[in-house]
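The values are calculated or read from the model by the stated rules, or taken from the named source; none is laboratory data. Quantities reported herein were computed from a predicted structural model and do not represent experimental measurements. So basically every Cβ, Gly included, is an ideal-geometry build from the backbone, and we count neighbours across all protein chains shown.
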Ligand SMILES: C[S@@+](CC[C@H](N)C(=O)[O-])C[C@H]1O[C@@H](n2cnc3c(N)ncnc32)[C@H](O)[C@@H]1O
């Protein structure tokens with residue numbers, strides 16, 4: 001890991017820091033593993049490292065709803081001013097106490113009073129973009145909502161990983177039934193509901209995403225592809241075949257079949 005130094009956060013984990021000036025250089029310095037497990041395990045740490053590296057304090061979590069990144073206390077402990085966005089007022093009603101909320105559609109017209117142009121240094125999202133109806137519009141809005149020099153990170157599942165392709169192709173009622181059978185907590189009224197997935201622009205290929213992100217206003221762009229998932233962890237045989245497929249795809253960089261991606265962009269200026 002080509003990191004200049006490492007700093008400890010209150011949890012005892014290590015927040016990497018680097019001397020990189022571009023998003024590309026910063027992400028390269030983190031040396032992400034190819035498996036998507038790295039993306040899940042290092043999401044918070046990557047955000048803290050970005051905040052530290054680029055001096056970002058006002059953070060908006062898009063689609064944070066009932067399950068935001070940090071509690072109010074944790075955000076304060078990290079020196080962050082966290083505001084939780086969601087399109088769904090019902091989700092925001094479940095946001096833990098003490099956190100500020102902002103009710104607007106990230107792919108809407110930004111006319112809602114809660115959408116403050118230039119108001120955020122860092123905008124992040126986890127498992128949200130696959131549900132957004134117009135992702136190019138969302139990125140254009142993110143560009144407008146970021147302050148100059150601001151950074152955005154979106155972590156989402158991608159097509160055409162076979163598991164997500166199936167979710168995409170099956171009618172919503174069928175994919176919902178499968179998810180509810182496998183994960184009871186995701187049944188209606190459970191603590192982790194299933195939202196319809198659209199997968200607009202949810203790809204792990206830089207070549208595919210960069211022109212769209214440039215149209216949205218960004219030039220400092222990084223797309224980090226990941227392969228692999230844990231859906232088959234209780235299915236011996238299928239699990240090994242799937243792992244071999246993903247490991248092989250990662251080895252040759254076949255980004256048509258990524259399972260997840262981080263898209264990280266920085267607005268010019270600042
Ligand atoms: C699968 S949940 C993810 C919640 C949380 N980020 C997590 O990782 O557990 C997706 C969330 O995105 C929100 N969402 C979907 N479309 C949105 C949009 N266009 N603008 C803002 N939030 C949106 C949903 O209401 C929901 O709370």
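Please state which of the following conditions residue 147 fails to meet, knowing it meets all the rest: (1) in contact with a helix residue (DSSP H, G or I) (Cβ under 9 Å, 6 or more places away or on another chain); (2) in contact (Cβ under 8 Å) with a residue 60 or more places away in the chain.
Of the numbered conditions (1) in contact with a helix residue (DSSP H, G or I) (Cβ under 9 Å, 6 or more places away or on another chain); (2) in contact (Cβ under 8 Å) with a residue 60 or more places away in the chain, the odd one out for residue 147 is (1).
Do we find a residue being touching a helix residue (DSSP H, G or I) at 6+ places or on another chain (Cβ under 7 Å), in contact (Cβ under 8 Å) with a residue 40 or more places away in the chain, farther than 19 Å from residue 103 by Cα and within 12 Å of the ligand (Cβ to nearest atom) anywhere in region 158-167?
No.
Yes or no, residue by residue, for (1) more than 16 Å from the chain's Cα centre (by Cα); (2) closer than 19 Å to residue 133 by Cα; (3) modelled with pLDDT of 95 or more; (4) surrounded by 11 or more Cβ atoms within 10 Å (Cβ to Cβ):
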site	(1), (2), (3), (4)
182	yes, no, no, no
203	no, yes, yes, yes
209	no, yes, yes, yes
212	yes, yes, yes, yes
216	yes, yes, yes, yes
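Has region 230-237 got any residue that is farther than 12 Å from residue 158 by Cβ, touching a strand residue (DSSP E or B) at 6+ places or on another chain (Cβ under 8 Å) and at pLDDT 90 or above?
no
Have a look at 217, 204 and point out the one that is on the phi > 0 side of the Ramachandran plot and either assigned to a loop (DSSP other than H, G, I, E, B) or in contact with a helix residue (DSSP H, G or I) (Cβ under 9 Å, 6 or more places away or on another chain) (or both).
Exactly one residue qualifies, and that residue is 217.
Being without any contact (Cβ under 8 Å) to a residue 12 or more places away in the chain, on the phi < 0 side of the Ramachandran plot and more than 13 Å from the ligand (Cβ to nearest atom) narrows it down to one residue among 117, 111, 100; which is it?
Just a single option satisfies the conditions, and that option is 111.
Filter region 71-93 down to residues that are within 12 Å of the ligand (Cβ to nearest atom) and either surrounded by 14 or more Cβ atoms within 10 Å (Cβ to Cβ) or at pLDDT below 95 (or both), then give me how many there are.
Going through region 71-93 one residue at a time, the tally reaches 7.
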